[in-house]
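See structure below.
The values are calculated or read from the model by the stated rules, or taken from the named source; none is laboratory data. Just so it is clear, the structure is predicted and the values come from calculations on it, not from any experiment. In this analysis, Cβ positions are derived from the backbone assuming ideal geometry, glycine residues included, and neighbour counts consider all displayed protein chains. Accessible surface areas use protein heavy atoms only, side chains included; no ligands, DNA or RNA. Shrake-Rupley method; radii C 1.70, N 1.55, O 1.52, S 1.80 Å.
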Amino acid sequence: MMLEHFKGDEIFVKKILDYQNQAQNYQKMILTPFYNPHEQEIIHKVIGTHDLMVKSYGGFLNAENQRMIICPDFYEITDDDFEVVVVEVVYNCQFGKLLHKDVLGALMSLGIKREHIGDIYDSEHLYFSCSCQTYTYIQNHLKQIKRSKIHLEIVKEKIEIEHQYHVKTFFISSWRLDKIVSTLFHISRQNANEAIRAGFVKVNHKEVEEVSFLCHNNDMISLKRHGRVKIVDEEKRSRQGSYVVKGYFYK
């Protein structure tokens, strides 16, 4: 019955139910990989109470991707139990500034799965979080990103993620996903449809492959290789009857 409430996420839910069984019946502490906010929400819904505790930590303050611990509620959990490190990427910017996508691409090229990497934060300095075990491998193998030689330093102080945006105003005639994607990312409706059906579009961190899916105010829309944007309804209409929305594009 539970799986009916999580259409499209059945495999993930089965994994979480197995975690629940191990924690409840064998009194184990289960440490998960990094999960995005959509997956974190599923875990909280699936676990409920059941005399279990769910804690999360991503290394940064305001971390989006976090590791989670599922365990009996008598455990005492500290940040160290999550086995997460925050790492600064130190480099000379003579070859240009390294960006979020550059770091992610370099890490993926090492064969590291996305679930072993937390947030990548590009501010005045460049940081990422990862599991302690993964860091050992990264430290030994990641020596260069693009044309820049780099070295890595573990950061001990708490770093708060503060997102920056550039904002654009749009007029949309419909809240259908294909129309939203086409408008926000300046691509044709056909290309938007193809991207959605190919699984390249996420709404609130979840893949959505229905072109007619209806978006809502404050939804986060992401398109592979194009970035992500939060849409905010201005509660206004144009003279032609279109909705006036602002898109907050993540820098």
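Cα gyration tensor of region 76-120, axes a ≥ b ≥ c as square roots of the eigenvalues: rounded (a/c below 1.5), prolate (a/b > b/c) or oblate?
oblate
Kirkwood hydrodynamic radius, region 208-249, all distinct C-alpha pairs: what's the number in Å?
11.6 Å
Percent of alpha carbon pairs in region 109-251 separated by more than 25 Å?
44 percent
Going by average Cβ neighbours within 10 Å, how do the peptides 162-170, 53-61 rank, with the highest at the top?
Values: 162-170: 11.4, 53-61: 19.4.
By packing density, highest mean first, the sequence is 53-61, 162-170.
Springs between alpha-carbon atoms under 10 Å, Gaussian network over the chain: tell me which of Asn140, Asn193, Asn21 tops the mean-square fluctuations.
Checking each option, the largest mean-square fluctuation is seen for Asn140.
How big is the Rg/Rh ratio for region 127-188, C-alpha atoms only, Rh by Kirkwood, two decimals?
We get a ratio of 1.22 for region 127-188.
Using the Cα centre as the reference, give the magnitude of the dipole from point charges on the C-beta atoms of region 34-110 (Lys, Arg: +1; Asp, Glu: -1; all else neutral), rounded to the nearest 20 debye.
420 debye
Once the piece of chain linking Ile187 and Arg228 is laid out straight, how much longer is it, given 0.36 nm per residue of separation minus the C-alpha distance between them?
On the way: separation 41, 0.36 × 41 = 14.76 nm, distance 1.43 nm.
In short, 13.3 nm is gained.
Give the distance, in whole Å, between the Cα centre of region 178-251 and the Cα centre of region 78-134.
Spelled out, the Cα-based centre of one part sits 28 Å from the other.
Among 200-207, 221-228, how do they line up from the highest to the lowest mean number of other beta-carbon atoms within 10 Å? Could the numbers behind the result be given before it?
Working: 200-207: 18.5, 221-228: 15.9.
In descending order of packing, they fall as 200-207, 221-228.
Could you please state how large a percent of the accessible area of region 82-155 is carbon and sulfur, counting protein chains only and using a 1.4 Å probe?
C and S atoms contribute 50 percent here.
What shape does region 1-67 have by the C-alpha gyration tensor, where a ≥ b ≥ c are the square roots of the eigenvalues, rounded means a/c under 1.5, and otherwise prolate means a/b greater than b/c and oblate the rest?
oblate
With only Lys, Arg, Asp and Glu charged, each at its Cβ (+1 for the first two, -1 for the last two), find how big the charge dipole of region 1-48 is about the Cα centre; round to the nearest 20 debye. List each step's numbers first, then the result.
Working: 5 positive and 6 negative charges, 29 e Å.
Dipole magnitude for region 1-48 comes out near 140 debye.
Once you compute Rg and the Kirkwood Rh from C-alpha atoms, what is the Rg to Rh ratio for region 44-90? Please report the intermediate quantities before stating the final value.
Working: Rg = 12.7 Å, Rh = 12.0 Å.
When Rh is taken as the Kirkwood radius, the ratio is 1.05.
Given region 143-187, what count of lysine pairs have C-alpha atoms under 30 Å apart, with each pair 8 or more places apart or on different chains?
6
Can you give the translational diffusion coefficient of the chain in µm²/s, computed by Stokes-Einstein from the Kirkwood radius over Cα pairs at 20 °C and 1.002 mPa s?
Details: Rh = 20.2 Å.
Translational diffusion coefficient: 106 µm²/s.
Might you tell me the accessible area per residue for region 60-195, computed with a 1.4 Å probe and given in Å²?
Using a 1.4 Å probe on heavy atoms only, each residue of region 60-195 averages 56 Å².
What dipole magnitude, in Debye to the nearest 20, does region 95-251 give about its Cα centre under +1 on Lys/Arg Cβ and -1 on Asp/Glu Cβ?
Details: 26 positive and 18 negative charges, 105 e Å.
In debye, rounded to 20, region 95-251 gives about 500.
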